[in-house]
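The values are calculated or read from the model by the stated rules, or taken from the named source; none is laboratory data. Not measured: the values here are computed from a predicted model. For neighbour counting, all protein chains shown are included, and Cβ atoms are generated from backbone atoms with ideal geometry for every residue, glycine included. Side chains are part of the model used for accessible areas, which takes the heavy atoms of the whole protein and leaves out ligands, DNA and RNA. Shrake-Rupley method; radii C 1.70, N 1.55, O 1.52, S 1.80 Å.
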Amino acid sequence: MAEWSNSVSVNVETIYLGGKEHIIRTGRGSVSVIVYGDQDKPALITYPDLALNYMSCFQGLFFCPEAAPLLLHNFCIYHISPPGHELGAAALSPEDPVPSVDDLTDQILEVLNYFRLGAVMGMGVMAGAYILTLFAMKYKERILGLILVSPLCRAPSWTEWFHNRVMSNLLYFYGMCELLKEYLLFRYFSKEVCGSAEVPESDIVQACRRLLDERQSINVLRFLQALDRRPDISEGLKTLRCRTLIFVGENSPFHSEALYMTAKLDGRCSALVEVQACGSMVTEEQPYAMLIPMEYFVMGYGLYRPVKINGSPRSPLSCIAPELLSPQSMGLKLKPIKTRLST
């Protein structure tokens, strides 16, 4: 294990709405971690997708009123950003070697050791889901469970490889240009929220577009290069024994990948939730579809929601068969669930 030098803890509560940023210097470079909540509580670590950080990938879920009682009551949240993806990040040196996905997982291990954390819950989106799954396979004793959103587990398909080549060239020659943003927004969201000539794009897409403007193109390119070289880990999924809850939007480019991954996991401790009329980033596009499955998932660990969901019209309660929401179903013998939110 690499030694880490002194860390820097920067108090930026006025920027991060109660969170505190820690810059952890690891043997594989510095990493930003935003910590929310009581550090005596069980830890939930998050890892975002390409070109995103916790603000653009998780705030829709963590800031919705129904999620706060479940997540913030039970966990201390550690939002880990890929290198150079944190808010206000400077450009990384192009002379530094591009990290591998194994380097990124080892970096997470150093973060956990810095905070003296034992076994943690993990939540990752797309590329972040791959990184956390790989981490769980390498360091089984450090993961209690996984909540994965539109996860990847195989090497890039030809289609993804082609899109990655286009994005790499755009990043190298033009930086965070409008065409690159369109590629990324297609990766994240469904056509319904991205809008059209007749329908304006939604607020979440507009907010994401603004946050993408802040990314340094070299930093995004390095993460993309790491992902482009990722190995197929699907066979190793058979050895994964932690409980795993998978969400995927039916309009996600990675929908078939999530189905494939679910089939590879042990069906006794994993479940798939398909969210209709949704793209890849369920955490932002339809976070309410995640609440009830997550509630029963954490009940399997003896955790609970102190305040029950009210009769919100956005609640997916009425859309899921009651027998699929039992603690036994979501804790020990998980079953596939398909949701559709009422409009």
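Excluding same-chain neighbours fewer than eight residues apart, the aspartates and glutamates reachable from Lys191 by a Cα-Cα span under 15 Å are Glu182, Glu201, Asp203, Glu250, Glu284, Glu285. Classify segment 45-140 as rounded, prolate or oblate, taking a ≥ b ≥ c as the square roots of the eigenvalues of its Cα gyration tensor: rounded when a/c is under 1.5, otherwise prolate if a/b is larger than b/c and oblate if not. Note, shape of segment 45-140 comes out oblate. Taking the average, over residues, of other Cβ atoms within 10 Å as the packing measure, peptides 125-132, 32-39, 179-186 rank 125-132, 32-39, 179-186 from highest down. Would segment 201-259 count as rounded, prolate or oblate if I go by the C-alpha gyration tensor, calling it rounded below 1.5 in a/c and otherwise prolate when a/b exceeds b/c, oblate otherwise? Since a/c reaches 1.5 but b/c is at least a/b, the shape of segment 201-259 is classed as oblate.
Here is the list for segment 79-121: GluC sites (Glu not before Pro) lying in DSSP coil, each with at most 15 other C-beta atoms within 10 angstrom of its C-beta, are Glu95. Arg28 sits with roughly 80 Å² accessible to a 1.4 Å probe, with DNA, RNA and ligands left out of the calculation. By the rule of a C-alpha distance below 13 Å, with chain neighbours fewer than 8 residues away ignored, the aspartates and glutamates paired with Lys181 are Asp213, Glu214. A Förster radius of 35 Å combined with the Cβ-Cβ distance from Gln39 to Arg241 puts the calculated FRET efficiency at roughly 0.85. Between Ala43 and Cys76, Met121, the built amide H atoms are under 5 Å apart, and every one of these is 5 or more places off in sequence or on another chain. Among rounded, prolate and oblate, which fits segment 216-299 when a ≥ b ≥ c are the square roots of the eigenvalues of its C-alpha gyration tensor, a/c under 1.5 means rounded, and a/b larger than b/c means prolate? Here segment 216-299 falls in the oblate category.
The chymotrypsin sites (Phe, Trp or Tyr not before Pro) of segment 235-307 meeting both criteria, a DSSP state outside H, G, I, E and B (loop) and at most 16 other C-beta atoms within 10 angstrom of the site's C-beta, are Tyr301, Tyr304.
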